[in-house]
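Below is one structure; the comments refer to it alone.
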Amino acid sequence: MLRRPRLLQSATAATMLAFLVPVHAQGVIKIGEINSYKAQPAFLEPYKKGMELAVEEINASGGLLGKKVRLVIRDDNANPGDAVRAAEELVSREKVDVLTGSFLSHIGLALTDFARQKKFFFLASEPLTDKIVWQNGNRYTYRLRPSTYMQVSMVVPEAVALKKKRWALVYPNYEYGQSAVATFKQLLKAAQPDVEFVTEQAPPLGKVDSGSVVQALADARPDAIFNVLFGADLSKFVREGNTRGLFQGREVVSLLTGEPEYMDPLKDEAPNGWIVTGYPWYGIQTPEHKTFYTAYQARFKDYPRLGSVVGYSAIKSLAEGMKKAGSTDTEKLVAAFKGLQVSTPFGPIVYRPEDNQSTMGGYVGRTRNEGGKGVMVNYRYIDGAKVQPSNDEVKKMRAAE
């Protein structure tokens, strides 16, 4: 009797084993994620938990395309060069299937350009600058969170209703702050032509000299203030402003301040009556949010922050895109994300074919100090689809593409 060659026996055994192993065990889908974890922990620690929850849910339900999902995370050290180097390593060495992440706008722009050059799919989850989907937009880059234009558009009607003429502006001097203030000036001036901008204070990100900033604002004697500071800069600004009475008798319109990441650290210094964008997790009663909140609370024994919602929705978006594409191939994902519908804790969103921007909206309300803790009151959700420019305007801004 002839004996099979050992090599042939091994090959046959390997083939048979492949049929016996469950499909999902034959590989993983790697999601490469890059962010400023050390520099911006208040937002990004909850964000990471949101991503982890989404991945756990996906894997518990059988994975994606017959495979398990795995996050491969890198810190960008709040530096665009480090972010690009991390992206190179994730793509070339780790062989990730897609890229997502970034928090700071200038880093988001660096990764947007990386995606364009390498023709690699990138979902910008958090950075807010409009350039990511407009002037610097490209077919390989999509963005989840509402942009500076969208968030400013949510609060401008509130600012107009105040009927204040003299406005002071304070913002961190980098891409996000600059673009937010430019949009605010443009939209407010269009709605209220007699408005005056009496001073601008633009300290470096993370290095605000709160005493001099507050004094300069007070010296300009504005009727109202538009603030874009966040994180530790916001805390210093609020503390010094309270001490010097800057906010007494003045209206304040402030982006992001209603997010628990930035409101909670203020504690009993939380301001009253500011018009803000934020996330009133304690009062949202929609079915989608209740489901998310319950799952998050059970998993982490903590309440979600806005970062939690963004991280969770980013992974869910990638999952829906891959399902629609039936693949992780970049070109197929690019096509699948055009008009992609995704269920999020804020309800259904769509990725606009015109500019690759999602229609995720945001909450606008007033701040209130309740028992030594800042909360949002009189808030409402504004659909992101209602605060985006027209298709013709988008085409002009994406003309370079």
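The table below lists the values:
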| item | result |
| --- | --- |
| Reach of K67 by Cα under 19 Å, taken over aspartates and glutamates that are not fewer than 8 positions away in the same chain | E33, E52, E56, E57, E94, D97, E320, D329 |
| Virtual paramagnetic centre 7 Å along Cα→Cβ of E196, amide N under 20 Å, in region 214-242 | 215-227 |
| Charge-dipole axis of the chain as Lys and Arg at +1 and Asp and Glu at -1 on Cβ define it, positive-most pick from T330, N35, V152 | T330 |
| Segment L162-E393, length gained on full extension (0.36 nm per residue, minus Cα span) | 80.3 nm |
| ³J(HN,Hα) computed for each position of region 306-319 - Karplus, 6.51 cos²θ - 1.76 cosθ + 1.60, integer Hz, glycine/proline x | 5, x, 4, 5, 5, x, 4, 5, 5, 5, 4, 5, 4, 4 |
| All lysines inside 19 Å of K207 as judged from Cα atoms, apart from same-chain residues fewer than 8 positions distant | K38, K236 |
| Å³ per residue enclosed by the Cα convex hull of the chain | 147 |
| Exposure of H106 as accessible area (Å², to 10), given a probe of 1.4 Å and all protein chains | 60 |
| Global size of region 93-158 as Cα Rg and Dmax, reported in angstrom | 12.7, 49 |
| Above-threshold pairs, the threshold being 28 Å between Cα atoms, out of K301/K323; K163/K386; K49/K290; K95/K338; K189/K395; K131/K316 | K301/K323 |
| K189/Q297 FRET efficiency (R0 51 Å; Cβ-Cβ; nearest 0.05) | 0.70 |
| Net lengthening on full extension, N59/R239 (0.36 nm per residue, minus Cα-Cα) | 60.3 nm |
| Extreme residue, positive dipole direction of the chain, given options S105, W134, A319 (C-beta unit charges) | A319 |
| Cβ-based charge dipole, the chain, positive-most Cα from V364, I73, G206 | I73 |
| √(5λ) per eigenvalue of the Cα gyration tensor, region 291-344, largest first, Å | 28, 9, 9 |
| Accessible surface ranking that places the most exposed of T243, T100 first, with a 1.4 angstrom probe | T243, T100 |
| Region 325-369, dipole about Cα centre (Lys/Arg Cβ +1, Asp/Glu Cβ -1), debye to the nearest 20 | 360 |
| The chain, dipole about Cα centre (Lys/Arg Cβ +1, Asp/Glu Cβ -1), debye to the nearest 20 | 1140 |
| Per residue, the convex hull volume that the Cα atoms of region 262-401 enclose (Å³) | 141 |
| Accessible area (Å², 1.4 Å probe, nearest 10) - F103 | 10 |
| Cα-based Rg of region 158-283 normalised by 2.2 N^0.38 Å, two decimals | 0.99 |
| Label zone at K386 (point 7 Å along Cα-to-Cβ), backbone N below 11 Å, region 128-163 | 154 |
| Cross-link reach list, aspartates and glutamates versus K373, counting only Cα pairs under 15 Å and skipping chain neighbours closer than eight places | E259, E261, D264, D268, E269 |
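The values are calculated or read from the model by the stated rules, or taken from the named source; none is laboratory data. Everything quoted here is computed from the prediction, not taken from an experiment. So basically every Cβ, Gly included, is an ideal-geometry build from the backbone, and we count neighbours across all protein chains shown. Note: accessible area is taken over every heavy atom of the protein model, side chains too, but ligands, DNA and RNA are not part of it. Shrake-Rupley method; radii C 1.70, N 1.55, O 1.52, S 1.80 Å.
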